[in-house]
Amino acid sequence: MDHYKHITIDERETIFLMRNHGNSLREIASHIKKSYSTISRELSRNSTGKSYSPSKAQEKYKQRKGNCGRVSLLSNPQVFEVVREHFCEDLWSPEEISNRLAVEKYPVQISTMTIYRGIFNGLFDNLFKSGSSSAVRHLRHHGKSRHNKAYQEKRGKIPIPNKIHDRPREADNRVEIGHWEGDTVLGKSGKACVVTLVDRKSRYLLIGKAAKRTSEAVTDTLSVKGSLKM
């Protein structure tokens, strides 16, 4: 009796018919040459309430198989080494790694989600030269926290008393000098950032560097004389 091969769609239809005719799990297992535990697990995993659908069970199987296939790409030593080098040494993001391999027409294409899944499963833990042993800590974004609908994200937002819709028409139309727009660009390490100020009319640009992307650090960069340069 073969206990290990996956159940086919034909076998799932047989399970459905025999179950509806009142056959026991052991009778079904004997008929399709599977173990009792395989039939029990199939019905438990793929039934909704007391209802079992062969087509829905097959769909679930294909979905699980697809997920396993994506994860298994990192079990290939060559693929793993390429991803490890770019992520652990070059500090690239999963998006950058996946896109670069696609552009360079690497023989094996790996998706962003497969790389993320490997990181969260600990495949790259303890492979960094310094810092936290957890690879997740080296991601630029560690994943989104779940909040209720009333929650408002405040991290990384600098409070601005004058909103963009409150600025004068002269600034919108770029008719006079002296109306500045500020922005920040997060660095590769995920900590320091570049601070920019641009005059809307003249396009005169000032650039500085803040040690952290916080309101205090950015304000200090803007207020310290000589910290912003052309």
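What does the extension gain come out to for ASP220 and SER53, with contour length at 0.36 nm per residue minus their alpha carbon separation? Before the final figure, lay out each step's value.
On the way: separation 167, 0.36 × 167 = 60.12 nm, distance 6.36 nm.
Answer, rounded to one decimal: 53.8 nm.
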**Asked** Listed highest first by mean packing, meaning other Cβ atoms within 10 Å per residue, what order do 95-104, 118-127 come in?
**Response** 118-127, 95-104
**Item:** Set LYS105/LYS201; LYS34/LYS105; LYS60/LYS191; LYS56/LYS105; LYS33/LYS56 screened for pairs whose C-alpha atoms are more than 32 Å apart
**Value:** LYS105/LYS201; LYS34/LYS105; LYS60/LYS191; LYS56/LYS105
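Here, each number is a calculation from the coordinates, and none is a lab measurement. These figures come from a predicted structure and were not determined experimentally. We place every Cβ from the backbone using ideal geometry, glycine too, and count neighbours over all the protein chains shown.
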